[in-house]
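Visitor: Sending over a structure as structure tokens; questions will come in a sec.
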């Protein structure tokens, strides 16, 4: 490698229980796990707090709403990551928009549930 060459060499990483994987793949997985670690609390806690702090439902109705919110958050987060991971290589700004739009799904569900309850 020349002194001015900025390309990285891909050396395989292997262990006794791991197949050979390139460093960039391991780094990509690590980055997405860290992103999921930061995204999940923001994605779950916001709608849960809105459901708990607003509304005048009975406790059993609120528990039912929280269960629905948890399912919505899980499904929308899984869909967001399924869309954003391949999209990130092509256009990272669109991947970020997917994450932001996916965060709106549980709030829409709260709004629809409360509108239906009136």
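What follows is calculated from the coordinates using simple rules that are stated; it is not laboratory data. Only a predicted model underlies this, so the values are computations on that prediction, with no experimental measurement involved. Quick reminder, even Gly has a Cβ in these numbers, built from the backbone with ideal geometry, and neighbours come from all protein chains shown.
Visitor: Could you please give the count of residues in region 67-94 that are surrounded by 15 or more Cβ atoms within 10 Å (Cβ to Cβ) and more than 18 Å from residue 29 (Cα to Cα)?
Guide: 5
Visitor: Identify the single condition in (1) part of a helix (DSSP H, G or I); (2) surrounded by 13 or more Cβ atoms within 10 Å (Cβ to Cβ) that residue 57 does not satisfy, given that it satisfies every other one.
Guide: Result: residue 57 passes all but (1).
Visitor: Within region 33-51, restricting attention to residues that are farther than 11 Å from residue 110 by Cα and touching a helix residue (DSSP H, G or I) at 6+ places or on another chain (Cβ under 8 Å), which residue is surrounded by the fewest Cβ atoms within 10 Å (Cβ to Cβ)?
Guide: The qualifying residue surrounded by the fewest Cβ atoms within 10 Å (Cβ to Cβ) is 42.
Visitor: Does residue 97 count as out of contact with any helix residue (DSSP H, G or I) (no Cβ under 7 Å at 6 or more places or on another chain) and surrounded by 12 or more Cβ atoms within 10 Å (Cβ to Cβ)?
Guide: So residue 97 fits the description; yes.
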